[in-house]
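Structure record follows, encoded as structure tokens.
Readers should treat all values here as calculations from the given coordinates under stated rules, not as data from a laboratory. In this text the structure is predicted, and so the values were computed from the model without any measurement. Positions of Cβ are generated from backbone atoms using ideal geometry, with glycine treated the same way; all protein chains shown enter the neighbour counts.
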Amino acid sequence: MYARPMRRRAAVVLASAAGAAILGASVMPSIADHGLPHVELLGRGTFLDKVSLHVRNKISGRGTQAIQISDASDLVVLRITIEPGGIAPWHGHTGTGFLVNLGPGVLTNYIGEDCEPRLFYPNDAFVDPGHGDLHAVRNDSTSEVVLIATFLGVEGPPVTPEPAPTDCNVL
């Protein structure tokens, strides 16, 4: 009775591992080329069941964002390390990200919409809506910033380089 699901699960795990290796190789250069000093693909996979997600994100000093991902089945997990003084130039994400700053440094995030800096301290978690939300980050602290990022609903590479907004010269 359980033989089929176990075989299917093993086949899915093997296919996911092979896919992660192949896709990881194609994802990593695009991320590295765009300015993040150290990016490690921890995993890439697809949920066995269809997953959708609705998130309401109230950003301090701004309105509430309603993020709807009708197909959140594709998942990418990254470890991103930004050395002191390091930057990730203007970029977007093809999926919605859930990130946590493991520290010990402090991350400054500039959102293209208003160019206002937001600081994320060690153990702060935050949502990146993705899908056209333009931003850039910088590590102005004297310690490295280590982020664990989980992106859901990823279509292609999780990071896409973007041109800087014309009215925001922060990097």
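Shown in residue order for segment 62-77 are the 3J(HN,Hα) couplings computed by the Karplus curve 6.51 cos²θ - 1.76 cosθ + 1.60 at θ = phi - 60°: 9, x, 8, 9, 9, 10, 10, 10, 6, 10, 9, 5, 8, 10, 10, 10 Hz (x for Gly and Pro). A simple rule links phi to the HN-Hα coupling: the Karplus curve 6.51 cos²θ - 1.76 cosθ + 1.60 with θ = phi - 60°, which for segment 127-136 gives 10, 10, x, x, 6, x, 7, 7, 7, 9 Hz, with x for Gly and Pro.
Under a 5 Å amide H cut-off, with hydrogens placed 1.01 Å from N, Ala72 pairs with Val51, Ser52, Leu53 among residues at least 5 apart or on other chains.
Starting from the amide H of Leu102, placed 1.01 Å from N in the peptide plane, find each other amide H under 5 Å away whose residue is 5 or more places distant or on another chain. HN-HN under 5 Å from Leu102: Asn123, Val146, Leu147, Ile148.
By the count of neighbouring beta-carbon atoms within 10 Å, fewest first, Val100, Val154 end up ordered Val100, Val154.
For Glu162, the residues whose amide H sits under 5 Å from its own are His91, Gly92, ignoring neighbours fewer than 5 places away on the same chain, with H placed 1.01 Å from N.
Karplus-derived 3J(HN,Hα) values for segment 43-59, using 6.51 cos²θ - 1.76 cosθ + 1.60 with θ = phi - 60°, are x, 9, x, 10, 4, 5, 10, 5, 10, 10, 8, 10, 10, 10, 10, 8, 8 Hz; glycine and proline are entered as x.
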